[in-house]
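Okay, structure first, notes after.
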Amino acid sequence: MKLHTLKPAEGSVKTNKRLGRGQGSGGSTAGRGHKGAQSRSGNHKKFGFEGGQMPLQRRVPKFGFKNNDKVYFKAINLDALQELAQKTNASALNIQLMVDNGIVGKNDKVKILGRGELKAKVNVEAHAFSTTATKAIETVGGTATTVR
């Protein structure tokens, strides 16, 4: 297959009417009807215009608020860390290891939460820790390191 040999399927492409090029091409109005804004060049309807009916963006109420300063964390519990430690036999659980195992995305900020039980002695790196998670990790003998 070569680019210069590509053609559309037979009968799939119609030639466009060349409007406004004499009597044979749609008459004097070129398919635009008589007079009015739509017959003139430069005419366009307002975005969202629905023919005078109240437009959707005005019918539906406004609600909600998006705080651009809030930091959203991906929550990982201790039971998930325990499974990861058993699966990988790693002594250090850093963010890259979590990304490689599909627990978090590469752009996620990670917060470790205290649900579940951690039995393995591991050094955990994350962006944030809850106090219960920090206590649980340190009770087993590991360390909880906060990363930027």
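Before moving on, here are some points about what is shown:
- Looking only at the stretch 46-82, and only at residues there that are acidic (D, E) and under 20 Å from A128 (Cα atoms), the one that is farthest from the chain's Cα centre (by Cα): D79
- Within the stretch 114-127, the set of residues being in a strand (DSSP E or B) and either surrounded by 17 or more Cβ atoms within 10 Å (Cβ to Cβ) or more than 33 Å from the chain's Cα centre (by Cα) (or both) comprises V124, E125, A126.
- So N101, is it at pLDDT below 95, surrounded by 11 or more Cβ atoms within 10 Å (Cβ to Cβ) and among the polar types (S, T, N, Q): yes
- Count of the stretch 33-77 residues, restricted to those that are part of a loop (DSSP other than H, G, I, E, B), among the small types (G, A, S) and closer than 30 Å to N107 by Cα, is 1.
- Complete set of residues in the stretch 96-105 that are part of a helix (DSSP H, G or I) and closer than 19 Å to R115 by Cα: M98
- Scan of the stretch 1-24 for residues that are surrounded by 10 or more Cβ atoms within 10 Å (Cβ to Cβ) and at positive phi, ordered by number: G20, G22
The values are calculated or read from the model by the stated rules, or taken from the named source; none is laboratory data. Quick caveat: nothing in here was measured; it's all calculated off a predicted structure. We place every Cβ from the backbone using ideal geometry, glycine too, and count neighbours over all the protein chains shown.
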